[in-house]
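The block underneath contains the structure these notes are about, expressed in structure tokens.
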Amino acid sequence: MPGAGKSTQGNLLAKKLKVPYLSTGHIFRELAKEHTPLGRRIKLVMNAGLLISDSKTLQIVIDYLKRPEYQKGYILDGFPRTLGQAQKFKNGIEKVIYLKVSDKEILWRLAYRDDGGREDDTLLAIRKRIEVFHKFTDPVIEYYRKKGQLLEVNGERTVEEIQRDILKHLKVHAK
Ligand code: AP5
Ligand code: MG
């Protein structure tokens, strides 16, 4: 879900496991700053709370993962987000962590984000991101649940409690 804590937990996990972290949202926000047709298109799509196309997203993720630093593993944040992305991604996914947070809590978190807010944090875009999540990403969760790869975590606790829970399930001992 938008605002569920993917980036917060993803960064912590990457540090703990010493593997690189890759966020498609972050890559797209960087591309959106570029004054190119692609940059402008990405900015419009993101600020409306919609998804970038599967083909563009897959192309970017696959290109990044060819870099040497990703060869021993990686933490992906916000990808795969559609069934199409999940089915076409062949690089390998071992575990999928789903941070479960209610729609209501998301609205609070994003409207009052503590890192200054983002251009897609308008009420209209937040509502759209939540709607898009249920439409396109709920099926992805079911897809990985059926494959036995889903780790469902209650995301409405403190950052530390959630991290401990994830590490426990991944059988990594937290210090
Ligand atoms: P993306 O960057 O992934 O944004 P998002 O899904 O909307 O999620 P956020 O980054 O807002 O939240 P988060 O889950 O990382 O939570 P965070 O840790 O920041 O995607 C942005 C856009 O890019 C998409 O809308 C789409 O357009 C495009 N895109 C990205 N990936 C794509 C893909 N695969 N395909 C197509 N398009 C794609 O935490 C949020 C806030 O809550 C912070 O203030 C934080 O401090 C706070 N917080 C964190 N944990 C807790 C906690 N436990 N308790 C209370 N507050 C907490
Ligand atoms: Mg994020």
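The values are calculated or read from the model by the stated rules, or taken from the named source; none is laboratory data. What you see is a predicted model, and the numbers here were worked out from it, not measured in a lab. Please note: Cβ atoms are built from the backbone with ideal geometry, for glycine as well, and neighbour counts cover all protein chains shown. Side chains are part of the model used for accessible areas, which takes the heavy atoms of the whole protein and leaves out ligands, DNA and RNA. Shrake-Rupley method; radii C 1.70, N 1.55, O 1.52, S 1.80 Å.
Does Arg109 count as near ligand 1 (Cβ under 8 Å from one of its atoms) and at pLDDT 95 or above?
no
Please indicate, with yes or no, whether at least one residue in the stretch 30-42 is under 14 Å from the mean Cα position of the chain (by Cα) and modelled with pLDDT of 95 or more.
The answer is no, given that none of the residues of the stretch 30-42 is under 14 Å from the mean Cα position of the chain (by Cα) and modelled with pLDDT of 95 or more.
Looking at the stretch 96-126 only, could you name the residues that are in contact with an Asp or Glu (Cβ under 9 Å, 6 or more places away or on another chain) and either without any contact (Cβ under 8 Å) to a residue 40 or more places away in the chain or in a helix (DSSP H, G or I) (or both)?
Glu105, Leu110, Ala111, Ala125, Ile126
So, of the residues in the stretch 69-85 that are more than 20 Å from Ser7 (Cβ to Cβ) and surrounded by 15 or more Cβ atoms within 10 Å (Cβ to Cβ), which turns out to be farthest from ligand 1 (Cβ to nearest atom)?
For the stretch 69-85, the residue satisfying everything is Leu83.
Any idea which of (1) under 27 Å from Gly148 (Cα atoms); (2) of a type outside the set (A, V, I, L, M); (3) open to solvent by less than 20 Å² (accessible area, probe 1.4 Å) is the one Lys88 doesn't satisfy?
Looking at each condition in turn, Lys88 falls short on (3).
Check Leu51 against each of (1) buried (at least 17 other Cβ atoms within 10 Å of the Cβ); (2) in a helix (DSSP H, G or I) and name the one condition it does not meet.
For Leu51, the failing item is (2).
If you go through the stretch 29-42, how many residues are without any contact (Cβ under 8 Å) to a residue 24 or more places away in the chain and open to solvent by 60 Å² or more (accessible area, probe 1.4 Å)?
7
Kindly establish whether Ser7 is more than 16 Å from ligand 2 (Cβ to nearest atom) and of a type in the set (Gly, Ala, Ser).
no
Here are the criteria: (1) farther than 28 Å from Asn154 by Cα; (2) open to solvent by 80 Å² or more (accessible area, probe 1.4 Å); (3) within 16 Å of ligand 2 (Cβ to nearest atom). Tell me which single one His26 does not satisfy.
(1)
Residues checked against (1) under 23 Å from Glu119 (Cβ atoms); (2) at pLDDT below 95:
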{"position": "Leu12", "(1), (2)": "no, no"}
{"position": "Gly49", "(1), (2)": "yes, no"}
{"position": "Ile52", "(1), (2)": "yes, no"}
{"position": "Ile62", "(1), (2)": "no, no"}
{"position": "Lys66", "(1), (2)": "no, no"}
{"position": "Asp103", "(1), (2)": "yes, yes"}
